[in-house]
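Here's the structure, in C-alpha cells; my notes come after.
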Amino acid sequence: MEATAAKVVVSDLHKRYGDVRAAQGVSFQIRDGEIFGLLGPNGSGKTTTVECLLGLREPDSGSIAVCGIDARRHPRDARQKLGAALQTTSLQDKITPREALRLFGAFYGHRATPDEMIGRFGLETKADAAFDTLSGGQRQRLALALAFVNRPEVVVLDEPTTGLDPQSRRELHGEIARMKQDGHTVLLTTHYIEEAEQLCDRIAVIDRGRIIATGTPHELIARSSAMQSVSIATAPPLTPADLSQLDGAEDIDVEGARLRFRTTTVGPTLAGLLRLVEARGVEIAELQVRKGTLEDVFLELTGSGAGAGE
Amino acid sequence: MMDALLQQTAMSLRLHYRNRMALLYSYLFPLIFLLAFYVLYRYERVVLIRHMGELLTVGILGGACFGLPTTLVSERERGVWRRYRLAPVPTAGLISSTIAARYAILVTAGLLQIALAVLLGMPLPRHPIQLWIAFTCVSFAFIGLGLVMATMADNVPAVQALGQCIFLPMLIIGGVAVPLASLPDWAQHLSAFFPGRYAVQAIQASVNGAGLGTVRFDLLALAIIGLAGCVAGGMLFRWDAQQRFSSRRGKAWVVVPLAAWVAVGAMAEARHRIGTPPESRTTGAAAPVSPSPAPPATAEPTPVEAPPSAAAPADTPPTPPAGAARPLAPAPHASGKAETPTPAPAAVSPVPPSARRGDAPATPPRAVEPAAAPPAGPGDRPAEAPPAPKPAQPIAASWQGVKRSDIDRDLIFDRLPPDSGIVAPIAPPDEAPPAEVQQQLDDIRVGLPAWGPARVADLVQRARNILYIAAVPDVHQTELERFAPAVVFDELEQDIPKDDLVKVLYWIALHPMDGDDSAIDQLPALGFENRGVDAEQARERAALYAVKLLGRVTGAIRRF
C-alpha cells in the first residue's frame, strides 16, 4: 500500500498504564475510502489506540498521522479532520439534538448545518426533544450525527453497537454501509466478529496491545490454517471416542446432540466418517460442512473465545 | 473560535435554566437565605444592607463552590467533556466559557438577592459600580476554587464532601456567617487564610461602607486566590471521569491554590490585618492619637488594629483586659438591660465589614477614627464588660457642677465605637455626601434656626434635642447617618459656649435616659423621617454622639 494514499498512519504506538501495557507497538494504516476494523476482545487495547489517535490520550511513544498531519504535534489540526462517536458519549440531559449539533458544529471551521445532519440521521421527530427522552438507538444516531458535523475526512466509531438492541444495531449497520457508499474513511472498533466481517474492508486483529494480523476478512481466513468444520448428528449418537479413530479429525467436540470437529482434508475425512457411520449402523440426522470463518481465525490467532459471537 | 465559545457559554446557561436542581441551588437558596435572615432579625432592626456582604458571599460561595464543580463533574462523568475534547478547541477556551457562564449565573443571582432586599426595604447599595467590581473579584476567587474542586473530586458525591469541607469552615470560622469578633483569637487568625472574610469585607464596603478604597487588600487577596485557583484548575483539568485524581500526574498543581491561601494569610498577618474590623471591637484604634487629657492609666487600651506607630501585634483579643478591670465608661443608662448601646447587630449579626477601615495598619487611622469612651463599645461581651458600677467619686449634682476631672475620670475616649462603624458613625470631613443627602443636610441647616426644640432654654435639653438629629438617622441607618453629625456638632458649638458645652455633653453622656425626648417627634419639621424610632435607642445614640463631640471639643479626639 502506498503511504500517500493512507488517511491514517499509526506507527509503533506504545502506551502503558502503570504495569499494564495497553499498546505495545501498534501499527496500521487506513486507506482513503475504506472501512477499517480494529477487532479484538475487551481489554485488548482497541480503545486506547483509538483514544491516542483522537488525542484523548497521550501515547508514550509512536507516531500518528491523520491526513498527513502529525496528530501528536498538531492535535487541533488533526481534530478538524476527525469525527468520532465514542463508546460512552452521553450529553447533558436537557440538550436537544439540534442544539448539540449547533454547539459542536460551532467548534469547527468546516461544518454541516444541524438540519442537514438531522435529516441525514433520521432525527427529525426528536430534533427538539431533550437528550434524556431519546432511545438508545436515537442517542447512537445523534452520536453519529455529531461525528459527521464537521464533515470529517476520517470517522472513528468506537464500539458503536455495544449495548444496542438488535433493531438499532441493524440500523447502525445500514448507516455504516452507507458511509462506505458515500466514500467516507471509517475506523471501526468492535469485539463482534461478524460485525467486523460484515462491515469492514480490512481488519486488524488486536490482542494484548499488539496487532496480530491485518488484511481483508477473506485474506485473514485464507491466511489462517483454513480449517473447515464438520458437524454431524446421528441416531443413536456417536461418541467422541468413535471419532478419535477418524483420520484428519481434530478438535473433536460435543455440541448438544451433535459432534463437531475440524479438518483440513474435507474429502478423505468425510469418506472415512461415512464409513464409520455405516460400520456402526447409525443413521445420519444431520450433516454439515462449514468453511473456516473469521471467528475460527480469531480464535486461532488470539487463543481466546472472548468476544466470539454475542 | 470566539463564536464557538460564546455558543458554549450560552448553551451552558440555557441548560442551567432547564435544570431545576441547579436553579434551586443557584437562585432559590440565596433568596431563601436572605428571607430567613430578614424574618429572623426583623424585630431586632437588623438592616439587610449591613449584611449584604455575607448574604451575597454565601450566594457566590454556593454557586461557585457547589454549583460549578457539581455541573462540571457530572458532565465529565457522563462523557460530555470527552466529547468536547474531540473538538479542536483549546482547554483554556472551554474553561473560560464555563467560567463566563457561571459568572453570569452568579451575577443574576446576586442581582435577584439585591432586588429582593430592596423590596424588603433595603436602600440601594451606596457604590453600585464598586459593588459590581467587588462582586466580580469575589466570584473570580470562588470560581477558581470551584475549578480546583472539580478537578480534585472524582464524582459528584465527592464534590459535596469536598464542598462541605470548605463551605462550613468558611461560614463558621472564616468570617462569613459568624462575626469575626465573636470568634476566638485562633479562629480570627485562621480566617485570614480563607477567602471568605475578604469577600464579605469587599462587598460590604461597597454596599454601605466607604467604598473599595478601604478594602484594597481584600481585593488583592481575592484576586490572588482566584488567579491561583484558575491556573491550577486549568492545569489539573480532567476530561475523563475514568482518570482518578489520585492516579493523575501533575497533582502538585494543587499546591498553587494552597500556596495562595497561605500567602494571603501571611500577608494579612504581616500587615496586622487579622483583628476584627474596628466597629466590632470594643476598643477603637487609638493609642497614638489618644487624647491629651489622657484617659485613666488603667484604661490603657491594647491597640487592636495595630496603630501605625505601635508595633503591637494585631491579635489582641477583642476585649482588652482593662475593660473588665475597671468601669471604663459611665453606664449611659441605668436600666439593667444589656449594657451595650448597640442593639442586636453587634452581638448577633456578622461583622459588618463594610464599615471596616481599609488599611488601618498600613495607613494611620483616619482622624475620624480615634475614639472616645462612651458607654462600653458595641460588641462588648456582656460577660466581660458588666454594666459599669457607679464611679467611686460622686457625680456632680447638676451639670453646672461638672469638673474637668470628672470627665477625665469617667470617660474614656478610645473606647468609642469607631466613626467608620455602624454605631454612631461619622463621615470623614473630606467625604462629600451624595446629592440627596446634601439636600437633606441643607434642609436641616435651613430649618434649625426655626426648630423649636433647638431653642428651648434648658441647655442640656436643647443639646439633647439637637443630638437627636444625628441619633435618629443612626438608629434608622439611613444614608444621612454619617453626615448629620457634622451639622449637629456645628450647631452645638456655635450655639453653646465651649465651657458649658463640655459640661452639658458630659451630663448627657452620663444621663442618657434623663430629660425629654419629645423632640424626636418634631424631626419631620427638619425634613426627615422619624418613623417608628425606638426612643431609648435614640437616647443611647445621642449619648454616644455627645461623647464623640465632647472628645473633639476637649481635644481628646483629634479633629481632622
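What the table below lists for this structure:
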quantity: Residue in region B:232-242 that is within 24 Å of residue B:114 (Cβ to Cβ), open to solvent by 10 Å² or more (accessible area, probe 1.4 Å) and in contact with a helix residue (DSSP H, G or I) (Cβ under 8 Å, 6 or more places away or on another chain) present; calculated: no
quantity: Count - residues of region B:128-139 that are surrounded by 18 or more Cβ atoms within 10 Å (Cβ to Cβ) and touching a Leu at 6+ places or on another chain (Cβ under 7 Å); calculated: 6
quantity: Qualifying positions in region A:101-118 - farther than 14 Å from residue B:85 by Cα, open to solvent by less than 60 Å² (accessible area, probe 1.4 Å) and either not in a loop (DSSP other than H, G, I, E, B) or not small (Gly, Ala, Ser) (or both); calculated: A:101, A:114, A:117, A:118
quantity: In region A:39-72, the residues that are within 14 Å of chain B (Cβ to nearest Cβ), farther than 20 Å from residue A:188 by Cβ and not acidic (Asp, Glu); calculated: A:69
quantity: Among (1) surrounded by 21 or more Cβ atoms within 10 Å (Cβ to Cβ); (2) assigned to a helix (DSSP H, G or I), the one test that residue B:176 misses; calculated: (2)
quantity: Boolean, residue A:103 is over 24 Å from the mean Cα position of the chain (by Cα), touching a residue at least 24 places away in the same chain (Cβ under 8 Å), facing chain B (nearest Cβ under 8 Å) and over 21 Å from residue A:184 (Cβ atoms); calculated: no
quantity: Residues of region B:463-484 satisfying the condition of being in contact with a Leu (Cβ under 7 Å, 6 or more places away or on another chain) and either polar (S, T, N, Q) or open to solvent by 10 Å² or more (accessible area, probe 1.4 Å) (or both); calculated: B:483
quantity: Failed item, numbered, when residue A:164 is tested on (1) hydrophobic (A, V, I, L, M, F, W, C); (2) more than 15 Å from residue A:179 (Cα to Cα); (3) within 11 Å of another protein chain (Cβ to nearest Cβ); calculated: (3)
quantity: Selection count, region B:89-98, where residues are within 8 Å of another protein chain (Cβ to nearest Cβ) and open to solvent by less than 10 Å² (accessible area, probe 1.4 Å); calculated: 1
quantity: Matching residues, region A:106-115, being within 10 Å of another protein chain (Cβ to nearest Cβ) and free of Cβ contacts under 8 Å to residues at least 24 places away in the same chain; calculated: A:106
quantity: Members of region A:13-38 that are aliphatic (A, V, I, L, M) and within 14 Å of chain B (Cβ to nearest Cβ); calculated: A:20, A:22
quantity: Whichever residue in region A:84-100 is open to solvent by less than 10 Å² (accessible area, probe 1.4 Å) and assigned to a helix (DSSP H, G or I) and, among such residues, is nearest to the other protein chains (Cβ to nearest Cβ); calculated: A:100
quantity: Residue within region A:147-166 that is over 30 Å from residue A:107 (Cβ atoms) and in a helix (DSSP H, G or I) present; calculated: yes
quantity: Condition check for residue A:25: open to solvent by less than 60 Å² (accessible area, probe 1.4 Å) and at pLDDT 90 or above; calculated: yes
quantity: Every residue from region A:73-82 that is outside any helix (DSSP H, G or I) and either within 8 Å of chain B (Cβ to nearest Cβ) or among the hydrophobic types (A, V, I, L, M, F, W, C) (or both); calculated: A:82
quantity: Residue list for region B:521-560, restricted to those being more than 18 Å from residue B:424 (Cα to Cα) and open to solvent by 30 Å² or more (accessible area, probe 1.4 Å); calculated: B:521, B:522, B:524, B:525, B:527, B:531, B:532, B:555
quantity: Residue in region B:199-209 that is touching a residue at least 40 places away in the same chain (Cβ under 8 Å), farther than 12 Å from residue B:134 by Cβ, assigned to a helix (DSSP H, G or I) and among the small types (Gly, Ala, Ser) present; calculated: no
quantity: Tabulated pairs, region A:52-64, first more than 10 Å from residue A:75 (Cβ to Cβ), second assigned to a loop (DSSP other than H, G, I, E, B), C-beta under 6 angstrom, 6+ apart or interchain; calculated: A:52/A:59
quantity: The lone exception for residue B:434 - which of (1) more than 21 Å from the chain's Cα centre (by Cα); (2) open to solvent by less than 60 Å² (accessible area, probe 1.4 Å); (3) more than 23 Å from residue B:557 (Cβ to Cβ) it fails; calculated: (1)
quantity: Filter result for residue A:121 (open to solvent by less than 60 Å² (accessible area, probe 1.4 Å), more than 10 Å from chain B (Cβ to nearest Cβ) and not charged (D, E, K, R)); calculated: yes
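The values are calculated or read from the model by the stated rules, or taken from the named source; none is laboratory data. Since the model is a prediction, treat every value here as computed from it, not as a measurement. Because the Cβ atoms are built from the backbone with ideal geometry, glycine has one as well, and the counts that use them run over all protein chains shown. Only protein heavy atoms, including side chains, enter the accessible area calculation; ligands, DNA and RNA are left aside. Shrake-Rupley method; radii C 1.70, N 1.55, O 1.52, S 1.80 Å.
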